[in-house]
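Student: If you scroll down you'll find the structure; I have some questions about it.
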Amino acid sequence: MGKFGVFGIFIVVCVGHLLALQSTIAKQNSISKPKAKVHHITLSSVVIKKETPVPTPPKPEPIILPPEPEPIVKKPKPKPKPKRRVKKPVITPPPVVEKTLKEVTPEPIVEQVIAKVEKIDTSSIRDKYTSEIRVQIRKNLIYPRLAKRLRLQDIVKVSFRVQKNGTINNIKILNKPKKVLQNGAIKTLKSLTLKAIPSELDAEFMDIVIPIEFKLIQG
């Protein structure tokens, strides 16, 4: 037999072994698997479970937001008015004129003396001098005894002239009291020694009118 004959026999033997092995494996599988039991289900054996209702969650309450405050509108500040610039006038100096020595002549210097004249209130000085005379009359009043005895009281209005040296003359009675009171007024004026007329009045004499009161003091 040649080489191909032996190889063919070998292949046949291998194929036979393979077939025998497959048959033995199939038998073992059929023996080892148990038959599955078949259960018959009836309607009475079936228990239907009721589905429990799923509670619905409560609706959330609406959230009420407070009203938004109105925006505060700021008033714009008024712009300050621009200050007007006042232009200062430009002062131009006068032109300098050059003069020669011959043209320049000396000017005489005049000294002006300003005398301050103070106004004197002569009315106040006159009133003060008159009030001093009245004080002297009250202090040196000659009340006649007969007038006191008869309890005579009156006002004698007299006018007289005071000379520059203070002497009194030209006495006149201007009303009509009792004669005894007139004599008392004249005697009083003649007994006075007055000061000279103030020099500020610059008067040679003064005419004065004064009421002389004769009044008894009750005691």
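The values are calculated or read from the model by the stated rules, or taken from the named source; none is laboratory data. All figures in this text were calculated on a predicted structure; none of them were measured in a lab. We place every Cβ from the backbone using ideal geometry, glycine too, and count neighbours over all the protein chains shown.
Student: Please go through region 135-170 and give me each residue that is of a type in the set (A, V, I, L, M), surrounded by 14 or more Cβ atoms within 10 Å (Cβ to Cβ) and within 25 Å of Pro198 (Cα to Cα), ordered by number.
Tutor: If the condition is that a residue be of a type in the set (A, V, I, L, M), surrounded by 14 or more Cβ atoms within 10 Å (Cβ to Cβ) and within 25 Å of Pro198 (Cα to Cα), then Ile137, Leu141, Val158, Val162, Ile168 are the ones that fit.
Student: Also: Of the numbered conditions (1) more than 19 Å from Val135 (Cβ to Cβ); (2) under 60 Å from the mean Cα position of the chain (by Cα), Gln163 fails exactly one; give the number of that condition.
Tutor: Of the numbered conditions (1) more than 19 Å from Val135 (Cβ to Cβ); (2) under 60 Å from the mean Cα position of the chain (by Cα), the odd one out for Gln163 is (2).
Results for (1) surrounded by 15 or more Cβ atoms within 10 Å (Cβ to Cβ); (2) among the aliphatic types (A, V, I, L, M); (3) part of a loop (DSSP other than H, G, I, E, B), shown as yes or no for each residue.
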| site | (1), (2), (3) |
| --- | --- |
| Lys172 | no, no, no |
| Asn175 | no, no, yes |
| Gln182 | yes, no, no |
| Thr193 | no, no, yes |
| Ile197 | yes, yes, yes |
| Glu200 | no, no, no |
| Asp207 | no, no, no |
| Ile212 | yes, yes, no |
| Gln218 | no, no, yes |
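Student: Something else about it: I'd like to know if region 142-155 contains one or more residues that are modelled with pLDDT under 90, more than 30 Å from Asp207 (Cα to Cα) and of a type outside the set (D, E, K, R). Before the answer, list the steps.
Tutor: Going residue by residue through region 142-155, those that are modelled with pLDDT under 90 are none.
Checked against the condition, which is being modelled with pLDDT under 90, more than 30 Å from Asp207 (Cα to Cα) and of a type outside the set (D, E, K, R), region 142-155 yields no hits at all.
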